[in-house]
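Quick notes on the structure that follows.
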Amino acid sequence: MKIQENALTAAIYTKLRNTGPFMPYLEDDIDISLKNSLYSIVIYDDLNNAIGIARIIGDNRITFIIKDVVVLPEYQKQGIGELLIKYLFAYISKHACENAYIGLMSTIHKEGFYEKYGFIRRPNEKYGSGMVMFYKKENFK
Ligand SMILES: CC(C)(COP(=O)(O)OP(=O)(O)OC[C@H]1O[C@@H](n2cnc3c(N)ncnc32)[C@H](O)[C@@H]1OP(=O)(O)O)[C@@H](O)C(=O)NCCC(=O)NCCS
């Protein structure tokens, strides 16, 4: 197994995301997005195939958003997801101030995975819902 930091490419990003419930994006858009990320991690198997990815976007001090945590289906349930989180947390620990916000939007039924590492579900008695929208040009006139 090999681990590479800050070497996520559009090709690897697309290949792994296509195995999960994710929106497709154009290569040029992915290139810009990856360039503007704070951190990324790619895990490879012994044949040098990428089997797990994750990245962080944010302001590098107060706000960190975890994105695109994906393990290839045939490699799931073998500790790769946990390894990805370990590397993301190591990066955040080096850069975050006290009480920094670490956010993510879980895919459906993966909330339990993130709870293992300390994330809490919203909404609850204290916090409102996490919210999202998908940009469509015609809605922004
Ligand atoms: C979510 C995902 C990254 C987990 O990766 P994984 O390699 O299977 O996870 P691991 O094997 O490292 O599991 C770590 C721990 O989380 C637990 N876990 C994994 N998936 C879980 C789930 N859906 N619900 C609850 N617990 C879960 C495991 O049982 C394990 O616990 P243990 O250490 O007590 O045995 C993987 O299922 C995946 O890529 N899914 C498709 C893409 C996706 O939806 N990603 C999330 C984007 S927000």
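Every number here is computed from the coordinates shown, using simple stated rules; none is lab data. Since we're looking at a predicted model, the values are computed, not measured. A quick note on method: Cβ atoms are made from the backbone with ideal geometry, for glycine too, and the neighbour counts reach across all protein chains shown.
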**Request:** For the stretch 40-73, name all the residues that are touching a helix residue (DSSP H, G or I) at 6+ places or on another chain (Cβ under 6 Å) and more than 16 Å from the ligand (Cβ to nearest atom).
**Result:** N60
**Request:** Could you check how many residues of the stretch 96-131 are β-branched (V, I, T) and within 11 Å of the ligand (Cβ to nearest atom)?
**Result:** 2
**Message:** What are the pairs with Cβ atoms under 6 angstrom where one residue, in the stretch 76-99, is touching a residue at least 60 places away in the same chain (Cβ under 8 Å) and under 21 Å from I62 (Cα atoms) and the other, located anywhere, is assigned to a helix (DSSP H, G or I) and of a type in the set (D, E)? Sequence gap at least six, or different chains.
**Reply:** none
**Message:** Show me the strands (runs of 3 or more DSSP E) entirely contained within the stretch 37-103 in which 3 or more residues are at negative phi and surrounded by 15 or more Cβ atoms within 10 Å (Cβ to Cβ).
**Reply:** 39-44, 50-58, 63-71
